[in-house]
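Q: The structure that follows is given in the form of structure tokens.
The values are calculated or read from the model by the stated rules, or taken from the named source; none is laboratory data. As the structure is a computational prediction, the values presented were derived from the model and not from experiment. Cβ: placed from backbone, ideal geometry, glycine included. Neighbour counts: every protein chain shown. Surface areas here come from the heavy atoms of the whole protein model, side chains and all, with no ligands, DNA or RNA. Shrake-Rupley method; radii C 1.70, N 1.55, O 1.52, S 1.80 Å.
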Amino acid sequence: MLKENALKGKLVLVTGGGSGLGRCMTEHFLSLGAEVVISSRDREKLENTAADLEEVVGRRPGVVSCDIRSWEEVENMRKEIMKRYGKIDALVNNAAGNFVSPTERLSANAFDTILDIVLKGTKNCTLSLGKYWIDERVPGTLLNIVTTYAWTGSAYVVPSACAKAGVLAMTRSLAVEWAKYSIRSNAIAPGLFPTKGAQERLLPGDLKGKFDLTQKVPVGRVGNPQELACLAAYLLSDYSAFINGEVVTIDGGEWLGGAGQFNFLRDLSPENWEDIEKTVKGRKL
Ligand code: HXC
């Protein structure tokens with residue numbers, strides 16, 4: 001979608017960049033000329049991904065292992081990247097944790113674990129980078145990966161819904177507060193992108209076979225990670241310089257499909273509509 005080298009000269013940090021959507025975004029950013037550093041807890045996974053990407057794109061992302069739940073580890077990650085590359089232009093808060101469970105079955109620690117990864121982890125990375133950008137008087141770009149249930153809420157993923165709602169509030173708040181420092185803050189709300197990690201945790205075991213997820217999506221299919229990567233690249237690029245505080249939904253119409261009161265009528269056939277029209281049209285009170 002973007003011109004060749006549209007991200008050239010930018011250093012982008014992608015948390016959770018070793019797999020799934022994070023890996024796909026990393027590949028796309030590299031192909032558009034960016035330098036990318038990927039982070040996660042699992043150093044081996046990061047190294048394998050970096051080697052794979054070097055084969056596919058011809059350029060290798062840097063890797064830093066970091067548990068974003070720890071402020072100290074996040075600060076060390078930022079310092080290490082600065083030492084190696086001299087700058088960080090953009091942060092993609094992509095790392096997340098989630099699993100499905102009735103809320104009453106969760107231990108307090110299970111609830112905290114998701115809040116800590118998603119909300120506290122995003123806060124740690126955002127605060128660390130934000131302080132650095134402001135102190136050094138350099139511009140920065142924040143991109144947070146949330147979800148459509150950040151604003152609707154969702155049963156069975158309550159810790160994730162609470163945390164993502166917090167991240168969305170952070171996105172919009174900082175868009176206003178930090179704009180004067182030339183820091184932009186936006187979010188992407190993906191719908192169904194069945195990556196391996198998400199699928200294993202959100203539709204475990206034989207649950208996958210029990211539901212046809214495409215039925216939930218008005219466009220009749222799930223998302224292709226490349227579609228999300230293109231949107232993310234645009235939101236990091238200078239072409240979107242006037243977009244600030246926005247959350248862009250990329251879900252094929254899924255969440256609105258579940259919201260509109262009469263959306264269920266989309267299953268009716270043209271014959272059904274003929275009958276309905278005959279019954280209703282011209283009726284006076
Ligand atoms: C109930 C569970 C559980 C489950 C873990 N726990 N899995 N409880 N049901 N399925 C409990 C544990 O018993 C423990 O509580 C606590 O949660 C912490 O678990 P640990 O395994 O010790 O934590 P940790 O090793 O830090 O692993 C975190 C994790 C794991 C979230 C549980 O799945 C992970 O690392 N996930 C990262 C990747 C990920 O989740 N990707 C999917 C993101 S998809 P006790 O009380 O026993 O100590 C996403 C998409 C949103 O976010 C949008 C979708 C459309």
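Q: Quick check on ILE88: is it open to solvent by less than 10 Å² (accessible area, probe 1.4 Å) and part of a loop (DSSP other than H, G, I, E, B)?
A: Working: open to solvent by less than 10 Å² (accessible area, probe 1.4 Å): yes; part of a loop (DSSP other than H, G, I, E, B): yes.
Criteria met by ILE88.
Q: Separate question: Spot the failing condition for ARG266; the list is (1) outside any loop (DSSP other than H, G, I, E, B); (2) surrounded by 11 or more Cβ atoms within 10 Å (Cβ to Cβ); (3) of a type outside the set (Gly, Ala, Ser), and only one is missed.
A: All conditions are met except number (2).
Q: For the stretch 1-51, name all the residues that are in a helix (DSSP H, G or I), closer than 21 Å to ALA198 by Cβ and open to solvent by less than 10 Å² (accessible area, probe 1.4 Å).
A: Hits for the stretch 1-51 are GLY22, MET25, THR26, PHE29, LEU46, THR49.
Q: THR249 is checked against (1) over 25 Å from ALA161 (Cβ atoms); (2) in a strand (DSSP E or B); (3) not hydrophobic (A, V, I, L, M, F, W, C) and fails just one. What number does that condition carry?
A: Among (1) over 25 Å from ALA161 (Cβ atoms); (2) in a strand (DSSP E or B); (3) not hydrophobic (A, V, I, L, M, F, W, C), the lone unmet condition for THR249 is (1).
Q: If you go through the stretch 168-211, how many residues are assigned to a helix (DSSP H, G or I), among the charged types (D, E, K, R) and within 16 Å of the ligand (Cβ to nearest atom)?
A: Total satisfying the criteria: 4.
Q: Only one of these is in contact with a strand residue (DSSP E or B) (Cβ under 8 Å, 6 or more places away or on another chain) and charged (D, E, K, R): GLU271, GLU254, GLU200, GLU246. Name it. Spell out the reasoning first.
A: Working: GLU271 fails: in contact with a strand residue (DSSP E or B) (Cβ under 8 Å, 6 or more places away or on another chain); GLU254 fails: in contact with a strand residue (DSSP E or B) (Cβ under 8 Å, 6 or more places away or on another chain); GLU200 fails: in contact with a strand residue (DSSP E or B) (Cβ under 8 Å, 6 or more places away or on another chain).
Going through GLU271, GLU254, GLU200, GLU246 in turn, just one is in contact with a strand residue (DSSP E or B) (Cβ under 8 Å, 6 or more places away or on another chain) and charged (D, E, K, R): GLU246.
Q: Condition test on ILE81, is it open to solvent by less than 10 Å² (accessible area, probe 1.4 Å), more than 16 Å from the ligand (Cβ to nearest atom), among the aliphatic types (A, V, I, L, M) and assigned to a loop (DSSP other than H, G, I, E, B)?
A: Values: open to solvent by less than 10 Å² (accessible area, probe 1.4 Å): yes; more than 16 Å from the ligand (Cβ to nearest atom): yes; among the aliphatic types (A, V, I, L, M): yes; assigned to a loop (DSSP other than H, G, I, E, B): no.
No.
Q: Continuing with the same structure: Which residues, taken from the stretch 111-130, are open to solvent by 50 Å² or more (accessible area, probe 1.4 Å) and closer than 12 Å to LEU174 by Cβ?
A: Listed by number, the residues that qualify are LYS123, LEU127.
Q: For the stretch 55-72, which positions are open to solvent by 80 Å² or more (accessible area, probe 1.4 Å) and among the acidic types (Asp, Glu)?
A: Within the stretch 55-72, GLU55, GLU72 meet the criteria.
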